[in-house]
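First comes the structure, then the notes that go with it.
The values are calculated or read from the model by the stated rules, or taken from the named source; none is laboratory data. Keep in mind the model is a prediction, meaning the values are calculated, not measured. Reconstructed Cβ throughout: ideal geometry from the backbone, glycine too, with neighbour counts over all protein chains shown.
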Amino acid sequence: MFRRSRFGDLIGRQLDLFELDHANVLRDVEERRAKWNAAAREEAEELYGDYLDAVETGTELLADMRDRFALTLGEDDAERYRAEFDKAVLRRLRPFALEIENR
């Protein structure tokens, strides 16, 4: 049976704010990915590291946002909220999804 997203609207608004407040982080990720993809073989490894650094910055910001709000909830609700938040990041901000579950 499908469960309805209890926190979907809230998470959508939180991600809207993240995209507005951290547009520079999103641009940085895209620019670094483009440089890595266009790089010659001998430069690719270093540029990939730069890309991962930018992704890590965004992932940390998202995880902090998620965890701060989760602290306002009871244990069961916090667990559900974190899972819904991580799924929303996967759908909407895919570069940050790989590591957010580990934070």
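A few points about this structure:
- Applying the condition of being basic (Lys, Arg) and touching a helix residue (DSSP H, G or I) at 6+ places or on another chain (Cβ under 9 Å) to segment 62-103 and asking which residue is surrounded by the fewest Cβ atoms within 10 Å (Cβ to Cβ) yields ARG91.
- Complete set of residues in segment 21-42 that are of a type in the set (D, E, K, R) and either at pLDDT below 95 or touching a Lys or Arg at 6+ places or on another chain (Cβ under 6 Å) (or both): ARG41, GLU42
- Residue check for LEU47: assigned to a helix (DSSP H, G or I) and not basic (Lys, Arg): yes
- Matching residues, segment 22-44, being over 16 Å from LEU93 (Cβ atoms) and in a loop (DSSP other than H, G, I, E, B): ALA39, ALA40
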